[in-house]
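**Q** One structure is given below, represented as structure tokens, and several questions about it will come after.
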Amino acid sequence: MSQNPAGDQPPLHVETYPHLYRDSVALMALAAGLEKLDGVAKAGAVMATPANLGILARSDMLPPDLDPAPDDLLVAVRAEGPEALAAALEQARHELLDAAPASGGPGGPAEQPPRTVAEGIAACPEDAPAGLVAVSVPGTYAAVVAQQALASGQHVFCFSDNVTLEDEVALKARAAAAGLLFMGPDCGTAQLDGVRLGFTNAVRPGPAGIVAAAGTGAQELACLIDRAGGGVSHIIGVGGRDLSDAVGGRMTLQAVDRLAADPATGVIAVVSKPPAPAVAQRLMERLAAVREQSGKPVVACLLGVDDAGGSPSVVVRDTLEGGAEAVVAALGLTLPDDELAAPRPAVPGGVLGLYTGGTLAAEAKLLLGRAGVPHEVLDLGDDQYTQGRPHPMIDPELRAEWVARAGERPDLGVILVDVVLGAGSAADPAGPLADAIAAATRAARAAGRDLRTVATVVGADADPQDPAGQIARLKAASAAVTRRNAAAVRAAIALVGGPR
Amino acid sequence: MILSDSTTVLNAGLPSITEAVPRARVLQLNWRPPAFGDPAAARLMASLQTPAVEAANREAIAAVHAVRPKLVDVRPAREAIGFLASGRRLLHAGPPIAIEDMADPVRGALIGACLLEGWAATPEAAAQLLDSGAVEVAPCHHHHAVGPMAGVVAPSMPVVVVTDPEHTGTRCAYATLNEGLGKALRFGAYDADVLARLRWMGGTLGPVLSEVLHQAGPIDLTALIAQGLTMGDEGHNRVVATTSLLARRLAPVLAGLGARGVEVMRFLADNDHFALNISMASAKLAVDTAAGWPGSTLVTAMARNGVEFGLRVAATEDRWFTAPVGPADGLFFPGYGPADANPDLGESAITETLGIGGFAMAAAPAITRFVGGTPADALANSIEMARITVSRHPVYQLPALGFVGSPSGIDVLKVLDTGILPLINTGIAHKKAGVGQIGAGVVRAPQEVFLKAIGPLAGAIGGTVDDAGGGGTLP
């Protein structure tokens, strides 16, 4: 039955379902669904109890001549036009009569994956408890998550940057007190008992234990050791500020002690930029003590620190290459021959290093500076170049753009690049780079210049990107390729006529 | 060896960080910024995540669970609640609020209470009386009472007296008797029918129940509500089973009281929500045990006055943390919609504070339909609430989840850490006094109150835990 509108409301239509029961909650849901339909102004669905009829009447949804029984079910609809009304009544009919009785799916509740450190720890199986938390959340929260992890007895791998110095000191003090590792902040690389975190390479297991303030420095070192036939027990990242005065080398010292006590570690290497002087002294003293007490050879690979600064018991090297040589020598091994043949005559112009790895860039800068050739080395992973874009080890396009643009520079003779393979890195870093090298070379040649490219590929043979394939790709683009950064730099120096 | 062969790595952040770790050894967290994205609050939270606070919370909730509330009597409020013993005084729901700021339904209920007490002859006179400041008001929670919706308690109203001398000594909890659905004082209605029913409740219902309880009582409310939970109640929005069990318990005595007894039996038969207020008083008695507990971050009250949501936490005892409250997102009776709804109202969230109501949804699948849900959603709700609670109720069990205890004891720290807000089942009042209930639904407590609480909690607790060795180290 229908009734004319009161005021400017659309007409009211009420459909009665005799002796049909649905609970009020189901009916409210039904009515809410009807009201979502186009053209439906108001809808109500109730059991026709006196109370419910009163509710309908008060909201002007009850025709005066209706006299239902209390066990009748009413569907009242005010709709604009017959089509909207028909659609609403059909939907009501379908839900009341056709659809399965009001109940949800038979399935269980949706899974609720753990969100917090505490929930994660609780969710681990009893026979595989949590032991480490990798933190790469926004820097503002990294200290909080790290603190939660340390408080729960977890080691921390802190990839996040933008952790304040004060927080770093506090977290490392807390970690040290609990005998835990806090690796970071801004820690790119770690490997603990074969568990590889961040940017790492598939190096074979072995006796070399590495403490690294530097991500790609540790990768270069580990890959050179691997290629010499050695292997790696652990890489403990400590973050770039650990050997500063403020942090005082807390984590480096703790990591060295751990490696000294670790039966799997036979030789200990520390890789870092030059430490703060006061910290350097403390570090050298500790390394000497470790050497004496554990009998394990100790290598301090401190970029740019004079080799002569070592003590009788601690080998100090100022390049990654020198550090790797010392480590493999301690293992009775030698590095493979990575030298590139030097073409003559030299090309005019200087060297532009376009690096994705910060420590590799630092080593290149050091060697180029010592050679006295004109050069410029950019660490394109630095914030000033990424500017919100992904790190160039993750997304090779950023560096490819720089390489392509270098083809237009008349002052250049050599482009020097790194390709870092392994976990965390792009699936095909050489691809976009090779295209850019080819383009830059063409552009230079078109301008009557001879622009060469030298590349170093950092990687282990077992890395998923396939080093051989990556090397072939670069060679096809006319790059000279080696697998040792220092050798690549030397080749670049030779190419521009500098001393070898 | 630093990590054993079986160590699991938790990954908070980029999945690529652990791409070289065998998948079976990585647990990727569904991490999101804690403390609703407030870094300062997150640091305070972390500073309180200590063994000492955990221990305090465990002890506090154990003390709460040890309480076994008994319904011992029904007395006029003026005899039970000291504040109402003399003068023109009324209680209302939620955190403190000035009369001039009150929501219309609360104001309506106060007007009705003035009429009921004979302090004014007309609604206009009652309104003038209220505006003149001649009536002193206070939140129910300040006087061991709880009230649904407007929560207004007047001296002549009968209240249930709930206590457990063994565990709470002389401390009691109180709640008014439920008036039933439709037009009711708790929705701000004060017409002749409403007042007549209140007078009957004061003159007949209260005294009869008192008489009955002296014969059939005290009634173990924990056992009663627990049985209701196994019969489809959640102890808040759905208490029809508990009401029926209570009526059955009282029926033999009521039957012996002649016409007065029949009247009361009829009232109980017609009111599916009668047990709500009793469930609330029961929860209040238990939860108050944790109020003021040193070092504890457990929630001890969640209440709404129709304008603001108020939160109380154990270690900060009497302090309220408040935030504006919005209308419940629920389903509406025919003809009504969200525009008609008053902001969320009432103190029935004391049930969720203990760990039933929205937390016991798994026991009451039908309730999930209020949000268009399914039985699976009901289970999910109870599972989710376990993520922000420190314990499970030892008696209130959830059959559908293998009879596990209902999640109990909301921890402010867990709320901030997970970003999961307490679920509260609620009725929806019309924003105009007297229209009554126009819908029902499920709401979440507002995040602001938890963010406001964390600083004072750190202030109240911080100094006491640092020395215990577990304190936060972040500067």
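The values are calculated or read from the model by the stated rules, or taken from the named source; none is laboratory data. What you see is a predicted model; the values in this text were computed from it and never measured. Positions of Cβ are generated from backbone atoms using ideal geometry, with glycine treated the same way; all protein chains shown enter the neighbour counts. The area values use the complete protein model at the heavy-atom level, side chains included, leaving out ligands, DNA and RNA. Shrake-Rupley method; radii C 1.70, N 1.55, O 1.52, S 1.80 Å.
**Q** Looking only at region A:248-274, which residues are more than 14 Å from every other protein chain (Cβ to nearest Cβ), part of a loop (DSSP other than H, G, I, E, B) and surrounded by fewer than 24 Cβ atoms within 10 Å (Cβ to Cβ)?
**A** A:248, A:266, A:273, A:274
**Q** I'd like to check something: does region B:84-100 contain any residue that is within 21 Å of residue B:432 (Cα to Cα), part of a helix (DSSP H, G or I) and either free of Cβ contacts under 8 Å to residues at least 40 places away in the same chain or not polar (S, T, N, Q) (or both)?
**A** Looking through region B:84-100, at least one residue is within 21 Å of residue B:432 (Cα to Cα), part of a helix (DSSP H, G or I) and either free of Cβ contacts under 8 Å to residues at least 40 places away in the same chain or not polar (S, T, N, Q) (or both).
**Q** Looking at residue B:245, is it within 22 Å of residue B:406 (Cα to Cα) and open to solvent by less than 30 Å² (accessible area, probe 1.4 Å)?
**A** Numbers: within 22 Å of residue B:406 (Cα to Cα): yes; open to solvent by less than 30 Å² (accessible area, probe 1.4 Å): yes.
Yes; evaluated as a whole, the condition is true for this residue.
**Q** Right, another one. How many residues are in contact with a Phe, Trp or Tyr (Cβ under 7 Å, 6 or more places away or on another chain) and facing chain B (nearest Cβ under 10 Å) if we restrict to region A:173-186?
**A** 1
**Q** Considering region A:394-450 alone, what residues qualify as being of a type in the set (Val, Ile, Thr), open to solvent by less than 10 Å² (accessible area, probe 1.4 Å) and closer than 30 Å to residue A:197 by Cβ? Break it down into steps so the answer makes sense when it comes.
**A** To start, the set of residues in region A:394-450 that are of a type in the set (Val, Ile, Thr) comprises A:394, A:403, A:414-415, A:417, A:419-420, A:437, A:441.
Among the residues that remain, those that are also open to solvent by less than 10 Å² (accessible area, probe 1.4 Å) are: A:403, A:414-415, A:417, A:419-420, A:437.
Matches in region A:394-450: A:403, A:417, A:419, A:420.
**Q** Which of the following residues is within 30 Å of residue B:167 (Cβ to Cβ), touching a helix residue (DSSP H, G or I) at 6+ places or on another chain (Cβ under 7 Å) and either basic (Lys, Arg) or open to solvent by 60 Å² or more (accessible area, probe 1.4 Å) (or both): B:89, B:43?
**A** That would be B:89, the only listed residue that is within 30 Å of residue B:167 (Cβ to Cβ), touching a helix residue (DSSP H, G or I) at 6+ places or on another chain (Cβ under 7 Å) and either basic (Lys, Arg) or open to solvent by 60 Å² or more (accessible area, probe 1.4 Å) (or both).
**Q** Being more than 8 Å from every other protein chain (Cβ to nearest Cβ) and modelled with pLDDT of 95 or more is the filter here, so list the residues in region A:194-208 that pass it. Walk me through how you get there before you give the answer.
**A** Of region A:194-208, the ones more than 8 Å from every other protein chain (Cβ to nearest Cβ) are A:194, A:199, A:201, A:203-208.
Correct list: A:199, A:201, A:203, A:204, A:205, A:206, A:207, A:208.
**Q** I want to confirm something. Restricting to region A:284-305 and keeping residues that are open to solvent by 40 Å² or more (accessible area, probe 1.4 Å) and over 34 Å from the mean Cα position of the chain (by Cα), which single residue is nearest to residue A:250 (Cα to Cα)?
**A** Filtering region A:284-305 for residues that are open to solvent by 40 Å² or more (accessible area, probe 1.4 Å) and over 34 Å from the mean Cα position of the chain (by Cα), the one nearest to residue A:250 (Cα to Cα) comes out as A:285.
**Q** Now for a different question. Residue B:426 fails exactly one of the following numbered conditions: (1) open to solvent by less than 10 Å² (accessible area, probe 1.4 Å); (2) within 16 Å of the chain's Cα centre (by Cα); (3) under 24 Å from residue A:116 (Cα atoms). What is the number of that condition?
**A** The single condition residue B:426 does not satisfy is (3).
**Q** Could I ask something else about it? Out of region A:128-152, which residues are over 18 Å from the mean Cα position of the chain (by Cα) and closer than 22 Å to residue A:196 by Cβ?
**A** Within region A:128-152, A:128, A:129, A:130, A:131, A:149, A:150 meet the criteria.
**Q** Within region A:9-32, take every residue that is modelled with pLDDT of 85 or more, within 60 Å of the chain's Cα centre (by Cα) and crowded, with 18+ Cβ neighbours inside 10 Å and give me the one that is farthest from the other protein chains (Cβ to nearest Cβ).
**A** A:30
**Q** Give the residue, chosen from A:191, A:281, A:219, that is more than 14 Å from chain B (Cβ to nearest Cβ) and either buried (at least 24 other Cβ atoms within 10 Å of the Cβ) or free of Cβ contacts under 8 Å to residues at least 12 places away in the same chain (or both).
**A** Exactly one residue qualifies, and that residue is A:281.
**Q** Would you point out the residue of region B:1-40, among those that are more than 7 Å from chain A (Cβ to nearest Cβ), closer than 30 Å to residue B:297 by Cα and outside any helix (DSSP H, G or I), that is most open to solvent (accessible area, probe 1.4 Å)?
**A** B:28
**Q** Output the residues belonging to region B:272-310 that are more than 13 Å from the chain's Cα centre (by Cα) and within 26 Å of residue B:99 (Cα to Cα).
**A** B:306, B:307, B:308
**Q** Go through region B:347-372 and report how many residues are more than 10 Å from chain A (Cβ to nearest Cβ), modelled with pLDDT under 95 and under 20 Å from residue B:182 (Cβ atoms).
**A** 0
**Q** Counting just the residues of region A:136-149 that are crowded, with 24+ Cβ neighbours inside 10 Å and in contact (Cβ under 8 Å) with a residue 24 or more places away in the chain, which one comes out nearest to the other protein chains (Cβ to nearest Cβ)?
**A** It comes out as A:136.
**Q** For region A:113-124, state whether one or more residues are part of a loop (DSSP other than H, G, I, E, B) and more than 7 Å from every other protein chain (Cβ to nearest Cβ).
**A** Checked against the condition, which is being part of a loop (DSSP other than H, G, I, E, B) and more than 7 Å from every other protein chain (Cβ to nearest Cβ), region A:113-124 yields no hits at all.
**Q** Give just the number: which of (1) over 27 Å from the mean Cα position of the chain (by Cα); (2) free of Cβ contacts under 8 Å to residues at least 60 places away in the same chain; (3) in a loop (DSSP other than H, G, I, E, B) does residue A:329 not satisfy?
**A** (3)
**Q** Those residues that are within 46 Å of the chain's Cα centre (by Cα) and more than 19 Å from residue A:201 (Cα to Cα), I need them from region B:1-10; list them, please.
**A** If the condition is that a residue be within 46 Å of the chain's Cα centre (by Cα) and more than 19 Å from residue A:201 (Cα to Cα), then B:6, B:7, B:8, B:10 are the ones that fit.
**Q** So which pairs qualify, if the first residue must be in region A:397-413 and within 16 Å of residue A:492 (Cβ to Cβ) and among the acidic types (Asp, Glu), the second must be surrounded by fewer than 22 Cβ atoms within 10 Å (Cβ to Cβ) and modelled with pLDDT of 95 or more, the Cβ gap must be under 8 Å, and the two must be at least 6 apart or on different chains?
**A** A:411/A:350; A:411/A:374
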